[in-house]
Amino acid sequence: MPQSPGEPDPTEARVEPTDSEEFDQANSRHVLQEAKTASEESSTVAEGAAESEDWWTTPEPGATDWAKPGSSASAAQIDPPKESDTADVYFCGQTSFFPLNRALQAIAKEKLTGTLRSFWDKEPIDLLAGNGEIIFVTTRDSDLYCPETPAVLANVDAEIVAKARSQQRETGTSFFLTLARQESIARQPAMELMQHYGQRLFSQLWTAPRVWIMFEKNADLLSDAADVSREPNVDDWTLETLRFVQNLHEHVNFDPTSIPAYTKDGFERVQKLKLTSDEAQFASQFNGVRSVQQIAKNLRLDLKSAHLTLFRFLALEIVECWPASTAIKPERKSVLQRFRRSR
């Protein structure tokens, strides 16, 4: 799949800390285990506010409006179409209450087949899933989906491409898939382009201020997309979309003094992710004591880069940030620092 600009290649290596005299880390497993323990201790501060894992339970009959936006001016313009009232809706709600990651996790956990529809201030974005696996992401706005002309289309008749784009506006089917089915382009490049542009499209939802999501179950979807490869690992697919986010809007809060700590299952999940080396080094610093500012200093990162990397882990709900006042103990000095102090 084409890599986003400036992104290093992903690796499957376990999260490992960098070698530095500024912090004492014997090996990655030791440091991460310590991080897990510290995070578990610090997370007790908000135990009473923990959310139920069953937030996505199927709505009761006749109560499909339970999670629609309120009448406030900030949300009044984001509403699903009226025909959704008759659809087989499995869950729905605003991302301010039900994060995108939670919706994707529910799709994977329940092995759902259907469409996750996202309504925002542009054309709705549809994510197709089959048996809990991601098939592809699309929208009826082909220019929003792919505003440029990829090199693979250079030798394809412009009229054929225009017709495929027109069909996408009518049915929502990716014009890359249409061209591949017509044998106008090779199948493998078409699949790669569908994944690339689909993930790039979905990435815009992470920073959109108001998004209303709804999952519609549709068993017939599998026959319509039987010739499309799928992504079985939802966490890795989600992380790929987050790497496309390069600029965080002002509404995305960031406090450099806040302290990242692993969530209840975050430590186990991060071990299974295909992290880049930079992401792995960043993740090795989460111990429930170090602030984002200190992590950036340890890794010699500017705060913008640290914010972007932290945003990925927060969006995945692998970590959560606590105010500096919730630190449970001072950060342990390295052996070298203790030796110098004793002289």
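The values are calculated or read from the model by the stated rules, or taken from the named source; none is laboratory data. Bear in mind the structure is a predicted one, so any value in this text is a computation, not a measurement. Quick reminder, even Gly has a Cβ in these numbers, built from the backbone with ideal geometry, and neighbours come from all protein chains shown.
Given the condition in contact with a helix residue (DSSP H, G or I) (Cβ under 8 Å, 6 or more places away or on another chain) and modelled with pLDDT under 90, answer yes or no: does some residue in segment 264-287 qualify?
The answer is no; no qualifying residue exists.
Taking the condition touching a strand residue (DSSP E or B) at 6+ places or on another chain (Cβ under 9 Å), more than 16 Å from Tyr145 (Cα to Cα) and outside the structural domain of Phe136 (by TED's automatic domain parsing), does Trp212 pass?
no
Yes or no, residue by residue, for (1) of a type in the set (Val, Ile, Thr); (2) outside the structural domain of Ser203 (by TED's automatic domain parsing); (3) within 21 Å of Glu183 (Cα to Cα):
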| site | (1), (2), (3) |
| --- | --- |
| Ala108 | no, no, no |
| Thr113 | yes, no, no |
| Ala129 | no, no, no |
| Glu133 | no, no, no |
| Thr149 | yes, no, yes |
| Asn155 | no, no, yes |
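Taking the condition of being in a loop (DSSP other than H, G, I, E, B), within 23 Å of Asp141 (Cα to Cα) and in contact with an Asp or Glu (Cβ under 6 Å, 6 or more places away or on another chain), how many residues in segment 202-260 meet it?
Qualifying residue count for the region: 1.
Which ones in segment 176-205 are of a type in the set (Gly, Ala, Ser) and over 14 Å from the mean Cα position of the chain (by Cα)?
If the condition is that a residue be of a type in the set (Gly, Ala, Ser) and over 14 Å from the mean Cα position of the chain (by Cα), then Ala180, Ser184, Ala186, Ala190 are the ones that fit.
For the structure I just gave you, tell me whether Glu83 is modelled with pLDDT of 95 or more and either assigned by TED's automatic domain parsing to the domain that holds Arg187 or assigned to a helix (DSSP H, G or I) (or both).
no
Check Gln246 against each of (1) surrounded by fewer than 19 Cβ atoms within 10 Å (Cβ to Cβ); (2) under 22 Å from Gln94 (Cβ atoms) and name the one condition it does not meet.
It fails just one condition, (2).
Counting only residues that are assigned to a helix (DSSP H, G or I) and among the acidic types (Asp, Glu), which one in segment 261-283 is surrounded by the fewest Cβ atoms within 10 Å (Cβ to Cβ)?
Going through the qualifying residues, I end up with Glu268.
Among the candidates Thr309, Thr263, which residue alone is hydroxyl-bearing (Ser, Thr, Tyr) and either under 17 Å from Ser203 (Cα atoms) or under 14 Å from the mean Cα position of the chain (by Cα) (or both)?
When all the criteria are applied, what remains is Thr309.
Exactly one condition in (1) modelled with pLDDT of 95 or more; (2) under 25 Å from Arg117 (Cα atoms) is not met by Leu153; state its number.
(2)
Those residues that are outside any helix (DSSP H, G or I), closer than 20 Å to Leu205 by Cβ and not polar (S, T, N, Q), I need them from segment 133-161; list them, please.
Scanning segment 133-161 gives Glu133, Ile134, Ile135, Phe136, Val137, Arg140, Asp141, Cys146, Pro147.
Going through Ala208, Ala164, Ala158 one at a time, which residue ends up being modelled with pLDDT under 95 and among the aliphatic types (A, V, I, L, M)?
Answer to the selection: Ala208.
Given the conditions (1) surrounded by fewer than 20 Cβ atoms within 10 Å (Cβ to Cβ); (2) more than 16 Å from the chain's Cα centre (by Cα); (3) more than 14 Å from Ala129 (Cβ to Cβ); (4) touching a residue at least 12 places away in the same chain (Cβ under 8 Å), which single one is not true for Ala219?
The single condition Ala219 does not satisfy is (3).
For the list (1) at pLDDT 95 or above; (2) within 22 Å of Thr115 (Cα to Cα), I need the number of the one condition that Leu179 fails.
Looking at each condition in turn, Leu179 falls short on (2).
Pick from Ala129, Ala164, Ala180: which is part of a strand (DSSP E or B) and not polar (S, T, N, Q)?
Step by step, each of Ala129, Ala164, Ala180 is checked, and only Ala129 is part of a strand (DSSP E or B) and not polar (S, T, N, Q).
Among the residues of segment 288-297, write down those that are surrounded by fewer than 24 Cβ atoms within 10 Å (Cβ to Cβ) and not hydrophobic (A, V, I, L, M, F, W, C).
Correct list: Arg290, Ser291, Gln293, Gln294, Lys297.
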